[in-house]
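Visitor: My questions will all concern the structure given below.
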């Protein structure tokens, strides 16, 4: 045999020939010869005959390339396939087909020789087998984001309800959905070889399958991190179907004391988190004790939770952002909902106005009655409750109304909450908060991009009282936001806007030291311009700058720049990386700023830092891990003697989220390790922050059973909060007695209790939920039993009153809490 020619024929020119040399049908033409730069005196082989390798039946991986290394003999046959690099079974099929190819052999000096030849075998995208759309009964709206199964193949409908399946394979099929919420009208069909079918499917799908809670970037296509679907929210114990309450299950959020609903993000205080509705700052997104959010779930289209790296449009926040985006109501069907549970009763109505449905209106109202039930339980002697137990239950009510068309809209809402919190001296702290707000919306186009103008008018109040202290604070605010938005198209883009806010802050405080009272009335204002510059699409760098300022009557102006940057880098088909860095600022608490002597000397609070994270996703599994660090400056602190100063702090940690779904079983595990320290004065020792929580674990699992039953569980475990002072006992809100923090016994005097140590007991709770869904044409609903704190484990924890100058109070949490609820909805 002639010597083997050790050279490589680069296949780019030949198998552009090669792409055509991998036909999908038996009748495909052979490739054309291509000019190849061969060594002097060597004539390359020429392809004479090939046999097609069909795309594997039932698979759809798009266009697939297999890299082959062939040994061509002196006779022109494929003597050996030396290597085949590609996914299974494509590599095997390509290798088998390549062995049947023949070539005019390579020649050197006029003699045939054996050569090695690199060869690219291309399996082109298979043809469409089935395509169509899914519509919902009653509304005829697109069934967007719904999973459909055709045998072993699964597809998700797009925003218009359309779906496409390629290379399905011949046979008999009946489309189904793995989601128990979705009821498809039966439509069996038979598919022949090389046949293409168009299907029109109809379904009852009251909740859909879209991602509702997560980290989102406006107008950009990218990996959505920390997202929970509407199905997951509905089935997770403890959420009671509330999408905002589901945020408490995500990494980066510490467990709030007594499950109060305050958001503690990345080692910060509750006031470090910016709370927004449609991009407008609001005082609360949860009712007191965190039992539910301040907006009916049917009003919410999306919940944005960003613990870091948020756009410049969000300001006055150093820890994170939660933005509730309300659902458009124009061009929507008529819908009515009603529901009751142990905590609340709720009603919702949405209706189009006019035949064209270009204008719509929606309204919702909710009212709590947990205090009434606790009073009845106490009178019946249940759960060891004492008379008056109803006084410690949060009372709240809220309302929302939205008038909406495509160019303009108006959203109004309000809430009123009251709560009795214990104090270590046996007194009661009465807290009342509320708001009345109007948010407008005008949209147009300017400079070739969308322009959104949002005027606001708001009245907020908070009243706090206990023995020898009465505090009444109100704030009237008016202003607007104007923003030119980045539509996300092209290789670069920009957005810019300005937030303008002005108003008056009033405080009336009566104490034992000041029986005549202290009255404060200050004008406040801010004008915050901001801009974002985006470079790239999937691989992108976003640079943002916001100018934070605060103008208080009779005080010096406070101004600070808040630069930030976000880098997103795809690292492969399933992996991407995200890095953030920047500095943010927020106002000191207005309660101190305007009402205390030290207030005029307080600076804007700040935080600088960043994060580095990896996100990976495969069919049925997604992973995320993010490391973060924050350096906190000018943190407003209340000393033991009641004076106010500004210290500094640090916080760092690692956030992890794993989600998985296999058949009827789905769930996720969120684990956060983090530390948060504070230093009151330069030279002082660093001490754990009052909400420092080194370990926080949330594990959720749900099992979809036949007949639309769902069983779910949630396990929560977290470190105990640091102890402040030398308290040994905490108040039991149920028995209205002092109990020892360590062993839970009722002492005659607090000094008889053993010392609590450096930390309060760790938190551990198991929650279980059983739910049954039902759906008929136009009607849908659910009934559930949500049992929270199955272990009946009650530990002492600090009480968050929302007031910095009360010191640290300790109380025992609620016992086992079974919540039964039903909800029904009707659409037309």
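Visitor: With the condition kept exactly as written, say whether any residue in segment 544-563 is at positive phi, under 23 Å from the mean Cα position of the chain (by Cα) and surrounded by fewer than 17 Cβ atoms within 10 Å (Cβ to Cβ).
Guide: Residues of segment 544-563 at positive phi: 554.
Then keep just the ones that are under 23 Å from the mean Cα position of the chain (by Cα); that gives none.
No, that holds for no residue.
Visitor: Restricting attention to strands (runs of 3 or more DSSP E) lying wholly within segment 292-373, give those where 2 or more residues are out of contact with any helix residue (DSSP H, G or I) (no Cβ under 7 Å at 6 or more places or on another chain) and farther than 30 Å from residue 605 by Cβ.
Guide: Values: elements: 300-306, 320-326, 335-340, 344-353, 359-368.
In segment 292-373, 335-340, 344-353, 359-368 are the strands (runs of 3 or more DSSP E) which contain 2 or more residues that are out of contact with any helix residue (DSSP H, G or I) (no Cβ under 7 Å at 6 or more places or on another chain) and farther than 30 Å from residue 605 by Cβ.
Visitor: Of all residues in segment 705-726, which are at pLDDT 85 or above and farther than 22 Å from residue 255 by Cα?
Guide: Of all residues in segment 705-726, those at pLDDT 85 or above come to 705, 709-723.
Within segment 705-726, 705, 709, 710, 711 qualify.
Visitor: Here is a list: 276, 314. Which entry is assigned by TED's automatic domain parsing to the domain that holds residue 624, crowded, with 23+ Cβ neighbours inside 10 Å and within 27 Å of residue 542 (Cβ to Cβ)? Talk me through it step by step, then tell me what you get.
Guide: Numbers: 276 fails: crowded, with 23+ Cβ neighbours inside 10 Å.
Criteria check complete, one pass: 314.
Conditions (1) modelled with pLDDT of 95 or more; (2) surrounded by 17 or more Cβ atoms within 10 Å (Cβ to Cβ), marked per residue:
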site: 445; (1), (2): no, no
site: 461; (1), (2): no, yes
site: 464; (1), (2): no, yes
site: 468; (1), (2): no, no
site: 485; (1), (2): no, yes
site: 491; (1), (2): no, no
site: 502; (1), (2): yes, no
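Visitor: Among the numbered conditions (1) modelled with pLDDT of 65 or more; (2) within 16 Å of the chain's Cα centre (by Cα); (3) surrounded by fewer than 21 Cβ atoms within 10 Å (Cβ to Cβ), tell me where residue 254 comes up short.
Guide: (3)
Visitor: Among residues belonging to segment 607-633 that are surrounded by fewer than 20 Cβ atoms within 10 Å (Cβ to Cβ) and closer than 23 Å to residue 548 by Cα, point out the one that is farthest from the chain's Cα centre (by Cα).
Guide: Restricting to residues being surrounded by fewer than 20 Cβ atoms within 10 Å (Cβ to Cβ) and closer than 23 Å to residue 548 by Cα, the top hit is 633.
Visitor: Of the conditions (1) modelled with pLDDT under 90; (2) outside any strand (DSSP E or B); (3) surrounded by 15 or more Cβ atoms within 10 Å (Cβ to Cβ), residue 731 satisfies every one except a single condition; which number is it?
Guide: (2)
Visitor: Hey, another quick one. Confirm whether residue 675 is in contact with a helix residue (DSSP H, G or I) (Cβ under 6 Å, 6 or more places away or on another chain) and part of a strand (DSSP E or B). First the steps, then the outcome.
Guide: Details: in contact with a helix residue (DSSP H, G or I) (Cβ under 6 Å, 6 or more places away or on another chain): no; part of a strand (DSSP E or B): yes.
Here the answer is no, as residue 675 does not meet what is asked.
Visitor: Scan segment 89-125 for residues that are at pLDDT 85 or above and part of a loop (DSSP other than H, G, I, E, B) and jot them down.
Guide: Within segment 89-125, 89, 99, 100, 101, 105, 114 meet the criteria.
Visitor: Here's something else I'd like to know. Filter segment 753-777 down to residues that are surrounded by 12 or more Cβ atoms within 10 Å (Cβ to Cβ) and either in contact with a helix residue (DSSP H, G or I) (Cβ under 8 Å, 6 or more places away or on another chain) or not in a loop (DSSP other than H, G, I, E, B) (or both), then give me how many there are.
Guide: So the count comes out to 14.
Visitor: Restricted to segment 368-423, and to residues that are in contact with a strand residue (DSSP E or B) (Cβ under 7 Å, 6 or more places away or on another chain) and modelled with pLDDT under 70, which residue is surrounded by the most Cβ atoms within 10 Å (Cβ to Cβ)?
Guide: Checking each candidate, the answer is 421.
Visitor: If a residue has to be within 22 Å of residue 643 (Cβ to Cβ), buried (at least 16 other Cβ atoms within 10 Å of the Cβ) and modelled with pLDDT of 90 or more to count, how many in segment 672-704 make the cut? Even if it seems obvious, please write down each step before you answer.
Guide: Pass one, segment 672-704, residues within 22 Å of residue 643 (Cβ to Cβ): 677-691.
Retained after the next criterion (residues that are buried (at least 16 other Cβ atoms within 10 Å of the Cβ)): 677-680, 688-691.
Filter again for modelled with pLDDT of 90 or more, leaving 677-679, 688-689, 691.
Selection size over segment 672-704: 6.
The values are calculated or read from the model by the stated rules, or taken from the named source; none is laboratory data. Computed from a predicted structure; not experimentally measured. Every residue, glycine among them, receives a Cβ derived from its backbone with ideal geometry; neighbour counts consider all protein chains shown.
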